[in-house]
Amino acid sequence: VQLIESGGGVVQAGDSLRLSCEASGDTFSSFALGWFRQFSPDKEREFVGNINWSGSTYYADSVKGRSTISRDNAKNMVHLQMNNLKPEDTAVYYCSASTRLVVTGRKDVDYWGKGTLVTVSS
């Protein structure tokens, strides 16, 4: 199983960014796909949001209203659209896949991508 993120980069505060994750090695239509982020190596990865097999989405309060997660089951892809980015959104963003219906923490994740860095300058 592989999860490969793309779309990270350097943006300015207030900009928008779309992260994508392509999954391979399994049939992911029944998986919950989502995103976590890690602000620094000494911090734990925190939940950003996820979308389950039925299309229901869940978001952390810190990104709710500014972010949208979507999935394309035909392409085994999940996307994270982030708007009105803030410097505090600077982090490495990790794609996640889980067999659980709801994912709210690291313990719920079965597979991880390697991460993509998002830097938001002020």
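Cβ separations smaller than 9 Å between residues 6+ apart or across chains give the following pairs from region 106-122 residues that are within 18 Å of Cys21 (Cα to Cα) to residues that are in a loop (DSSP other than H, G, I, E, B) and open to solvent by less than 20 Å² (accessible area, probe 1.4 Å): Val109/Val103; Asp110/Phe31; Tyr111/Phe31; Val118/Leu85.
Consider region 62-105 and keep the residues that are open to solvent by 70 Å² or more (accessible area, probe 1.4 Å) and small (Gly, Ala, Ser). The one that is farthest from Ser16 (Cα to Cα) is Ala74. Residue-level analysis places Val109 among those that are in contact with a Ser or Thr (Cβ under 7 Å, 6 or more places away or on another chain) and at pLDDT 95 or above. Pairs are defined by a Cβ separation below 7 Å, a sequence spacing of at least 6 or placement on different chains, a first member in region 62-76 that is on the phi > 0 side of the Ramachandran plot, and a second member that is surrounded by fewer than 16 Cβ atoms within 10 Å (Cβ to Cβ) and part of a strand (DSSP E or B); the pairs so defined are Asn76/Ser24. Taken over region 72-108, the residue count meeting the criterion of being assigned to a loop (DSSP other than H, G, I, E, B), β-branched (Val, Ile, Thr) and either within 16 Å of Ser24 (Cα to Cα) or in contact with a helix residue (DSSP H, G or I) (Cβ under 8 Å, 6 or more places away or on another chain) (or both) is 2. Annotation for region 83-90: no member residue is in contact with a Phe, Trp or Tyr (Cβ under 9 Å, 6 or more places away or on another chain) and either more than 16 Å from Thr119 (Cβ to Cβ) or modelled with pLDDT under 95 (or both).
The values are calculated or read from the model by the stated rules, or taken from the named source; none is laboratory data. Given the structure is predicted, the values throughout are model-derived calculations rather than measurements. Backbone-built Cβ (ideal geometry, glycine too); neighbour counts: all protein chains shown. Remember, those area values only see protein heavy atoms, side chains included, never the ligands or the DNA or RNA. Shrake-Rupley method; radii C 1.70, N 1.55, O 1.52, S 1.80 Å.
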